[in-house]
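Undergrad: Mind having a look at this structure? Questions to follow.
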Amino acid sequence: MGRIVHFEIHVDDMERAKKFYGQIFGWTFEDWSEYAGTPYFGAVTGDTNEMGINGALMQRKGPPPEPGQPMNGYACTVGIGDYDSTEEKIVSLGGKVVVQKHALPGMAWQGYCIDTEGNVFGIHQPDKNAK
């Protein structure tokens, strides 16, 4: 036991965050606000037959993290098929690159971005030839 089964992304602007994650990664959202008692949208991140977890976007209860501060929480990393085109989408939709694309030799391309809500997340393209 102890496997992560759900994640929550705290957001200031729910519609902006749904657009950001929906257009970049193809996530869909279900309104669970009635159950949570606050704006809360379940995030379906992929097919249930694929490895991964679903999560949610929830209304932030305080100020967003200050830019340049160290992480205070978990950074979720999203598996992608094409690093460069995904990074372009992130930037075009208002996100920022904070750690440039780099090789995890023999495994993948990895980098980190900030979403429209000030949250850090990783992107990861498997590639055995990365170096």
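Undergrad: Do any helices (runs of 4 or more DSSP H) lying entirely in region 14-131 carry at least 2 residues that are under 25 Å from R3 (Cβ atoms), and which ones are they? If you could, list the steps in order and put the result at the bottom.
TA: Numbers: elements: 14-25, 33-36, 83-92.
Passing ranges, in order: 14-25, 33-36.
Undergrad: Is there a residue in region 62-75 that is at pLDDT 95 or above and either under 16 Å from Q125 (Cβ atoms) or charged (D, E, K, R) (or both)? Break it down stepwise before answering.
TA: Step one: filter region 62-75 for residues at pLDDT 95 or above, giving none.
There is no residue in region 62-75 that is at pLDDT 95 or above and either under 16 Å from Q125 (Cβ atoms) or charged (D, E, K, R) (or both).
Undergrad: Turning to a different aspect of this structure: What is the one condition in (1) under 25 Å from A130 (Cα atoms); (2) touching a residue at least 24 places away in the same chain (Cβ under 8 Å) that D84 does not satisfy?
TA: Only one criterion in (1) under 25 Å from A130 (Cα atoms); (2) touching a residue at least 24 places away in the same chain (Cβ under 8 Å) is unmet by D84, namely (2).
Undergrad: Does region 107-116 contain at least one residue that is surrounded by fewer than 17 Cβ atoms within 10 Å (Cβ to Cβ) and not acidic (D, E)? Write out each step before concluding.
TA: Step one: list which residues in region 107-116 are surrounded by fewer than 17 Cβ atoms within 10 Å (Cβ to Cβ), which gives 107.
Checking which are not acidic (D, E) leaves us with 107.
Yes, region 107-116 has at least one match.
Undergrad: Yes or no: T77 under 21 Å from V11 (Cβ atoms), surrounded by 12 or more Cβ atoms within 10 Å (Cβ to Cβ), of a type in the set (S, T, N, Q) and under 11 Å from the mean Cα position of the chain (by Cα)?
TA: Working: under 21 Å from V11 (Cβ atoms): yes; surrounded by 12 or more Cβ atoms within 10 Å (Cβ to Cβ): yes; of a type in the set (S, T, N, Q): yes; under 11 Å from the mean Cα position of the chain (by Cα): yes.
Judged against the criteria, T77 is a match.
Undergrad: Among the numbered criteria (1) loosely packed, with under 11 Cβ neighbours inside 10 Å; (2) within 30 Å of K128 (Cβ to Cβ); (3) not small (G, A, S), which single criterion is violated by V98?
TA: V98 satisfies every listed condition except (1).
Undergrad: Please identify the pairs in which a residue from region 8-35 that is buried (at least 19 other Cβ atoms within 10 Å of the Cβ) has its Cβ atom under 7 Å from the Cβ atom of a residue that is in a helix (DSSP H, G or I) and charged (D, E, K, R), counting only partners at least 6 apart or on another chain.
TA: From region 8-35, the pairs are I24/K89.
The values are calculated or read from the model by the stated rules, or taken from the named source; none is laboratory data. Here the structure is a predicted model, which means the values were calculated and not measured. Cβ sites come from the backbone with ideal geometry, for glycine too, and all protein chains shown count toward neighbours.
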